[in-house]
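Peer 1: Quick one: structure below, then a few questions.
The values are calculated or read from the model by the stated rules, or taken from the named source; none is laboratory data. Source: prediction; values computed, not measured. Counting neighbours? That spans all protein chains shown, and the Cβs are built from the backbone with ideal geometry, glycine included. Areas reflect the complete protein model, heavy atoms only, side chains present, ligands, DNA and RNA absent. Shrake-Rupley method; radii C 1.70, N 1.55, O 1.52, S 1.80 Å.
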Amino acid sequence: MSAAEANRKLIADAFANMSISIGKAINQIETPVKEKHVRSTIIGTFHEKGAQTFWVCALRLPLQDNRIVAWKFCHVLHKVLREGHQQVIPHSQRHRGAIEDLGKLWCHLREGYGKLIQCYTVLLITKLDFHRRNPRFPGNLQVTKEELESIGENDINNYFQMSVEMFDYMDEILNLQAAIFGSLNMSRSNSMMSSGQCRLAPLIPCIQDSTQLYDYCVKILFKLHASLPPDTLSGHRERFLKQFQELRQFYVNANTLQYFRNLIQIPLLPENPPNFLVQSDLRSYVTPVVILPPEDTVHQSDSESMVDGNLVDTSDTNSTTGDLVDLNHRNGSISPDVLAERDNLIEHLQQEISRLRAEIQRLILEHQRIVDQLNERIGELQVDLATKDSELLQERQLKEDLLQQTEAVSKLQENEKKSKTTEEKFQKLKEVYTKLREEHIQLIRTKADIDKQLISAKNVGETALRSKALAESKIQELVQEKSKAEESMQKSSNEMQAELVSLRQSQESAKSENQNLACKVEWLLGEKSSVESELQDLLSQKEDLDVRLRETEAKMKELETRLQQEKQDKLYKLLVTCISQAEEIVQKSIHEVDNPAISAVTCTPDYFRTLIEPVQTSLSGLGNSFQSFRSDSTGINKLVQDLINMAQLLSNYLLRGKTTSNTSPDIEFGEHIAEVCKMVGTSALSLLASIKDRNKVDEVAGNIVSVKARVSEVAGLIDKLTDTLKGDSAEMIGDLVESELAGMDKAIEEAAKRIEEMLSKSRAADSGLKLEVNEKILDSCTTLMQAIRVLVQKSRLLQAEIVAQGKGTASAKEFYKRNHQWTEGLISAAKAVGMGAKFLLTAADKVVSGQGKFEQLVVASQGIAASTAQLVVASRVKADRNSKNMTALSQASKGVTQATGGVVATAKSCSQMVEENEDLDMSGLSLHQAKRLEMESQVRVLELEASLDQERLKLSALRRQHYQLAGEVEGWDQESLQDLTQR
C-alpha cells in the first residue's frame, strides 16, 4: 500500500469514527450526553486538527426536526469549543449563521426545550464572538496571570473593553442556567431522572466558563479601579454585583442537586463581593476552582502525539521532503518546487477527501437502509425470540426439575442398594456367626461329656490299682496257697492287665480327642474374632454412608433453596423492568396532559365513556394476577401482560380525558377535569411503585381501589360535562332561533333610533364643519341600518320558506331540532349582526362626540357587512336555488354592501375634511427644524405603511381561518364559503 493510500485510509477511518461518535452523542433519546462519545469527538478534532468533519456530520443531523437533538448538539458543540483542537473555534466561526437560524427556529416553541435551545444558541454565538475579538483566549478560557496581562497589553482601554465583553458572556451563561432551572420546575423533573439530567448536563461547561470569567472580572476590575476614578466604573460595579448574586445563587442551586455530586466539585462564592475601592482586598481574594473527577482517558497531549504517530507518514520518500522543508525554514526561505509539490499534494488530498466524503455519504445512506431493515428484522426476531425464550425457559426449568428429581432418586436408590447389600452381607455374617456359635456350644458340651468319661476312666484305673494292691497283699498272704491258686491268680492277673491296657488306651484316645476339640475351639474363636471385626467395619461403613446421605440431602435442599431464590430474584428483576416501562408510559401521558399542543384536540364524551370499563377491568385483572404471583411465581407472565395492558389503557384514558375536557364550555371546569386525570396518573404511579417495592406489597390492593376511585371520579365529571353540553338546547333550539332573530331585529331598531337621536342632538348643539361631518356620518349610518333592516326582513321571509318546505307534517321546532347544525349557524349569524349593530352605534357615538376615530367607524361598518354576509350564507345553505326570496335576499345583501361602502367613503371624506381644516402652525420653524419634522413624518409614514401591510396580512389570515372554522361548524357548502371569502 502506498503512502497516499494509507493516508486516505486513515482519513476515511477518522471520518467514520468521528461520525459514529457524533451520532451516538447527539441522539433523540432524552438522556444526558455520554462523556465517552464527546471525548471521542474531541479526540477526533485533534486527529483532524480542526472541526470540518464535526460540522459536516452535525449539520446532517435532524437539528430542526427534533428538540432533543438540537439541545444535545448545543451541548456537544460547547464541549468541543472548550476542549477541542485550537482550530475548532476558527472553523466554527463560518457556521455562526447556522447556529443563529437554529435558535430563531426553536424560539417559536415557547414551552419545554424551545426557550432553552434559544438561550443556548445565544450563549454559543456570544462565545464565538468573544473568541473572535479575543483570539488569544483558548476555548477553555484558562490563561495564566502573565498571559492575561499580555492579552491586555497593559492598556487600560483594553481591560475596560475586555471586562464589558466578559460581562456579556456571563449574562448569557446566567440566562441559560435560569432558563434550565425554570424549565426543570415546570416539567416536574428532578436531577435523578433522565429528562432532568438531559437538561442539567450542559451546566457543567457553563460552570467551568463562569468560574474563569468571574476570576478574570475580579482581577480586571481591581486593575481598572487602580487606574480610573470610581465614578467612571460605577456601571461596572453595579453590573458585577448583580452577576455576583446570581452566580452565587446558581452555584448554591447546583450544589444541592444529587446529579452534580459525582461529576463536578462546584466552588462556593463568599457571602460578600470584593470591595474594588479597597485595593488591599485583592490580597484576601481566593480564586474559585472547579474540580472534575479524574478520567481514565488519554489527555489531549497524548491525542496529539497519537495523531502524529498515526497520521504523519514517516517513510523515506517523505522524510527527504520534510528535511528539505525544515532546512529551508531554517535558512529563512522556502523553495518554489517544494511549495508547488506541497500545493499539489494538498489539492490531491482535498480531492481525495471530497471523493471519500461522497463515498462515505453513500455508504452511510446504504448502511442506514440496511440498519433499518435489520432493525425491523431484529424486532421481529426479538418477538419470536422472546416467545421462544419463554417456552425454552419453561422447558429448561421443567428439565432441570426432572433432572434434579432423577438424580435425587438415583442417589437414593444407589444408597438404598448399598445399604441393602450391606444389610444382606451383615445378615449372612450374622447367620454364620450364629451357626458357629451353636457349633461352639455343642463342642463345649461334647468336651464336657468327654471330661466326664475321662474322670470315670481315671476312677476305674484307681479302682484297678487299689484292686492290684489288694491282690498283691493277698498274694503275699496267700504265698502259701500259691501253688493252689497259681493258675487262678495268673488268669485273674492277665484279665486285669488286659483291662488296664484297655483303660490306658481309652485314656490316650480321650486325651487326643480333647486336644482336637481344643484346636477346633481355638479356630472357632479366631473365626469369631474375624467375623466380629468385619462386622464392626461394616457397621462403621454403614454409619459413614448414613452421614454422607444426610449431608447429600442437606446440600440438595440448600441447592434447591438457592436455585429457587435465584429464580425469584430473576423473576423480580424482570417484573421491575416491566414496571419501569409501565411507569414511563404513565408518566409520559401525565406530561402530555400539560402539553399545549393537544389543547386544540377534542374527544366526545360518548367515546370517552367507552374507555372506562376496560380501564376498571384491567385494574381488577392486575390485582388478581398480582395475588396469584405472590402465591405462585409462575404467574409472572400474566402479571406482566396485565401491567403493560393497564399502563397502555390508562395512558390512553388520561389523554382522552384531557381532549374531552377541551370540549367544556367552562374553562375552569375543563381544567379541573384535566387535573383529576393527572391525579389518576399519579395514583397509578403509586400503585406501580408499591408493586415494585417488596416492602409495600400489602398496599397494592388499597392503591388499586384508589385508582379505581379516581377513574370513577373522572367518569362522573365527564357525565356532568355531557349534561352541560346537552342541556335543553335540543328542545329549546326552535325558541332560541326565534329569540335570537327577535333580538337581532330589536338591536337594529334600537341602533336606528339611537342614530336618529344622535343626529337630532348634533343639529341642536353643533354647527359649522362639525355639524356637517356629523350629519354625513349619521346619514350614512342610517342608510346602512335601513339596508340591514331590509336584509333581515328578506332573511325572515326566506327562513319561513325554508322551514315550510322542510318540516313536512312536523312542527317548526322539530325542523330546527332535526337540522340543529344549520340552526346553530343561523343563530350565530343573527348574534353577529346584532353585535355588529351595537358596535357601529358605539363607534358612531364616539366619532360624533369627538372621542373616537373614523377608522373605528370603518371597521364597524365592515364588520356589519361581514355579519350580514354570514347570515346570507347561513340562509343559502337550505334555500332552493330558484327561490324568489333567495334572489331578493341577494339583492338586499348587495344593498348592504353598497351602504357599507357609503359609510367607508363618508368616513374617509370627513376625515380628510377635518385634517384639511386643522391649522398647522408652521411659523417660527427654522430650516433645521422643518427638515427634521419632514424626516420624522416620512419615517412615520413608512412605519404606518409597513404596519398596515402586516395588519392586512394578519386580517386576511384571520378571516380565512374564521370562515373555514365557521364553515366546518355550520355546514356551509364550498360555493357559499367562496362567496363569503370574496365579500
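Peer 1: Can you name the residue in the range 146-175 that is in contact with a helix residue (DSSP H, G or I) (Cβ under 8 Å, 6 or more places away or on another chain) and of a type in the set (D, E, K, R) and is also surrounded by the fewest Cβ atoms within 10 Å (Cβ to Cβ) among such residues?
Peer 2: If we take residues in the range 146-175 being in contact with a helix residue (DSSP H, G or I) (Cβ under 8 Å, 6 or more places away or on another chain) and of a type in the set (D, E, K, R), then Asp168 is surrounded by the fewest Cβ atoms within 10 Å (Cβ to Cβ).
Peer 1: Moving on to the next point. Please specify each residue of the range 136-171 satisfying the condition of being over 27 Å from Cys119 (Cβ atoms) and among the aliphatic types (A, V, I, L, M).
Peer 2: Hits for the range 136-171 are Leu148, Ile151, Ile156.
Peer 1: Next up: Could you check how many residues of the range 43-67 are out of contact with any Ser or Thr (no Cβ under 8 Å at 6 or more places or on another chain) and open to solvent by 10 Å² or more (accessible area, probe 1.4 Å)?
Peer 2: So the answer is 13.
Peer 1: Continuing with this model, one more query. In this structure, does Ser194 turn out to be over 19 Å from Leu141 (Cα atoms) and in contact (Cβ under 8 Å) with a residue 24 or more places away in the chain?
Peer 2: Considered against the rule, which asks whether it is over 19 Å from Leu141 (Cα atoms) and in contact (Cβ under 8 Å) with a residue 24 or more places away in the chain, Ser194 comes out as yes.
Peer 1: If you scan the range 141-184, which residues turn out to be β-branched (Val, Ile, Thr) and in a helix (DSSP H, G or I)?
Peer 2: Ile151, Ile156, Val164, Ile173, Ile180
Peer 1: Let me confirm something: among Ala689, Ala674, which residue is touching a residue at least 40 places away in the same chain (Cβ under 8 Å) and either among the β-branched types (Val, Ile, Thr) or touching a helix residue (DSSP H, G or I) at 6+ places or on another chain (Cβ under 6 Å) (or both)?
Peer 2: Criteria check complete, one pass: Ala674.
Peer 1: Does Gln208 satisfy the condition of being of a type outside the set (A, V, I, L, M, F, W, C), closer than 21 Å to Pro32 by Cα, open to solvent by 10 Å² or more (accessible area, probe 1.4 Å) and at pLDDT 90 or above?
Peer 2: Against the criterion (of a type outside the set (A, V, I, L, M, F, W, C), closer than 21 Å to Pro32 by Cα, open to solvent by 10 Å² or more (accessible area, probe 1.4 Å) and at pLDDT 90 or above), Gln208 qualifies.
Peer 1: Further question on the same structure: State yes or no: is Thr577 open to solvent by 70 Å² or more (accessible area, probe 1.4 Å) and under 25 Å from Lys720 (Cβ atoms)?
Peer 2: For Thr577, the condition - open to solvent by 70 Å² or more (accessible area, probe 1.4 Å) and under 25 Å from Lys720 (Cβ atoms) - is not met.
Let's see how each residue does on (1) small (Gly, Ala, Ser); (2) closer than 18 Å to Gln161 by Cα:
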{"position": "His108", "(1), (2)": "no, no"}
{"position": "Gly112", "(1), (2)": "yes, no"}
{"position": "Leu123", "(1), (2)": "no, no"}
{"position": "Thr126", "(1), (2)": "no, yes"}
{"position": "His131", "(1), (2)": "no, yes"}
{"position": "Phe137", "(1), (2)": "no, yes"}
{"position": "Thr144", "(1), (2)": "no, no"}
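Peer 1: Out of the residues in the range 356-376 meeting the condition of being of a type in the set (Lys, Arg) and loosely packed, with under 12 Cβ neighbours inside 10 Å, tell me which one is farthest from Val56 (Cα to Cα).
Peer 2: Only one residue tops the list, namely Arg369.
Peer 1: Go through (1) modelled with pLDDT under 75; (2) touching a Leu at 6+ places or on another chain (Cβ under 8 Å); (3) surrounded by fewer than 18 Cβ atoms within 10 Å (Cβ to Cβ) and name the single condition Asp779 misses.
Peer 2: Among (1) modelled with pLDDT under 75; (2) touching a Leu at 6+ places or on another chain (Cβ under 8 Å); (3) surrounded by fewer than 18 Cβ atoms within 10 Å (Cβ to Cβ), the lone unmet condition for Asp779 is (1).
Residues checked against (1) in contact with a Lys or Arg (Cβ under 8 Å, 6 or more places away or on another chain); (2) without any contact (Cβ under 8 Å) to a residue 40 or more places away in the chain; (3) on the phi < 0 side of the Ramachandran plot:
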| site | (1), (2), (3) |
| --- | --- |
| Gly97 | no, yes, yes |
| Leu109 | yes, no, yes |
| Tyr113 | yes, no, yes |
| Ile125 | yes, yes, yes |
| Gln142 | no, no, yes |
| Leu148 | yes, no, yes |
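Peer 1: Let me ask another. Picking from Val896, Val914, which residue would you name as being open to solvent by less than 90 Å² (accessible area, probe 1.4 Å) and at pLDDT 70 or above?
Peer 2: Testing whether each residue is open to solvent by less than 90 Å² (accessible area, probe 1.4 Å) and at pLDDT 70 or above leaves just Val896.
Peer 1: Looking only at residues that are surrounded by 11 or more Cβ atoms within 10 Å (Cβ to Cβ) and hydrophobic (A, V, I, L, M, F, W, C) in the range 377-408, which one is modelled with the lowest pLDDT?
Peer 2: Once the filter is applied, the top-ranked residue is Ala408.
So that you can scan it fast, the table gives a plain yes or no per residue for (1) open to solvent by less than 30 Å² (accessible area, probe 1.4 Å); (2) closer than 18 Å to Val56 by Cβ; (3) at pLDDT 90 or above:
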| position | (1), (2), (3) |
| --- | --- |
| Ser2 | no, no, no |
| Ala6 | no, no, no |
| Ile11 | no, yes, no |
| Ala14 | no, yes, no |
| Met18 | yes, yes, no |
| Ser21 | yes, yes, no |
| Pro32 | no, no, yes |
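Peer 1: Taking the range 261-293 on its own, how many of its residues are farther than 18 Å from Gln212 by Cβ and either open to solvent by less than 40 Å² (accessible area, probe 1.4 Å) or outside any loop (DSSP other than H, G, I, E, B) (or both)?
Peer 2: So the count comes out to 4.
Peer 1: Which condition does Asp326 not pass, out of (1) open to solvent by less than 60 Å² (accessible area, probe 1.4 Å); (2) modelled with pLDDT under 75, if it passes all the others?
Peer 2: Of the numbered conditions (1) open to solvent by less than 60 Å² (accessible area, probe 1.4 Å); (2) modelled with pLDDT under 75, the odd one out for Asp326 is (1).
Peer 1: Among the residues of the range 582-639, write down those that are in a helix (DSSP H, G or I), without any contact (Cβ under 8 Å) to a residue 24 or more places away in the chain and over 23 Å from Ala701 (Cα atoms).
Peer 2: Correct list: Ala597 only.
Peer 1: Closer than 24 Å to Leu282 by Cβ and not charged (D, E, K, R) - does that describe any residue in the range 106-129?
Peer 2: no
Peer 1: I'd like the residue in the range 212-244 that is touching a residue at least 24 places away in the same chain (Cβ under 8 Å) and among the polar types (S, T, N, Q) and, out of all such residues, is most open to solvent (accessible area, probe 1.4 Å).
Peer 2: Ser227
Peer 1: Could you tell me whether any residue of the range 635-654 is among the polar types (S, T, N, Q), modelled with pLDDT under 85, buried (at least 16 other Cβ atoms within 10 Å of the Cβ) and touching a Gly at 6+ places or on another chain (Cβ under 8 Å)?
Peer 2: The answer is no, given that none of the residues of the range 635-654 is among the polar types (S, T, N, Q), modelled with pLDDT under 85, buried (at least 16 other Cβ atoms within 10 Å of the Cβ) and touching a Gly at 6+ places or on another chain (Cβ under 8 Å).
Peer 1: Of (1) out of contact with any Asp or Glu (no Cβ under 6 Å at 6 or more places or on another chain); (2) buried (at least 21 other Cβ atoms within 10 Å of the Cβ); (3) assigned to a helix (DSSP H, G or I), Ser664 satisfies all except one. Which?
Peer 2: Condition not satisfied by Ser664: (3).
Peer 1: How about the range 66-115: which helices (runs of 4 or more DSSP H) wholly inside it have at least 2 residues that are within 23 Å of Thr31 (Cβ to Cβ)?
Peer 2: Because the criterion is at least 2 residues that are within 23 Å of Thr31 (Cβ to Cβ), the helices (runs of 4 or more DSSP H) in the range 66-115 that meet it are 67-83, 96-106.
Peer 1: OK, next. Taking Val714, is it at pLDDT 75 or above, part of a helix (DSSP H, G or I), touching a helix residue (DSSP H, G or I) at 6+ places or on another chain (Cβ under 9 Å) and under 30 Å from Gln581 (Cα atoms)?
Peer 2: yes
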